[in-house]
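Taking it in order: structure first as structure tokens, then the write-up.
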Amino acid sequence: MDLVLWTGYMGGICTTIAFLPQVIKTWSSRSAHDLSWGLLLLLLTGVFLWMIYGIARDDLPVTLANCITSICIISIVGMKWWFEH
């Protein structure tokens, strides 16, 4: 594996794992009150567009990282909606 590809995977792992503490905190506290809908929806849109970009460029690190990050954000969005209703 070359250095550029390794760097892409490591960057993807770091940015994806960065969402896990928020997912865990939101689930355990049963609250996402402090997270704005604007942030979550804009972030989800951006991550989804990055995922499409990764697919179009056949860039596996970008595609995988943004796919997993999308799942994390969608889970936070779902919990935010669920806990507020």
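The values are calculated or read from the model by the stated rules, or taken from the named source; none is laboratory data. These numbers were taken from a predicted model, which means no experiment stands behind them. Reconstructed Cβ throughout: ideal geometry from the backbone, glycine too, with neighbour counts over all protein chains shown. Heads up: the accessible areas ignore ligands, DNA and RNA and are worked out on the full protein's heavy atoms, side chains in. Shrake-Rupley method; radii C 1.70, N 1.55, O 1.52, S 1.80 Å.
Quick notes
- Between the stretch 29-62 and the stretch 1-27, the C-alpha centres lie 13 angstrom from each other.
- Between Leu35 and Asp2, the contour length at 0.36 nm per residue exceeds the alpha carbon distance by 8.1 nm.
- Under the shape rule built on the C-alpha gyration tensor, where the axes satisfy a ≥ b ≥ c, the stretch 1-63 is oblate, since a/c reaches at least 1.5 while a/b does not exceed b/c.
- Residue ranking by accessible heavy-atom surface, 1.4 Å probe, largest first, among Val4, Val77 comes out as Val4, Val77.
- As a calculated quantity, the FRET efficiency between Phe48 and Trp82 at R0 = 25 Å, using C-beta atoms, amounts to about 0.75.
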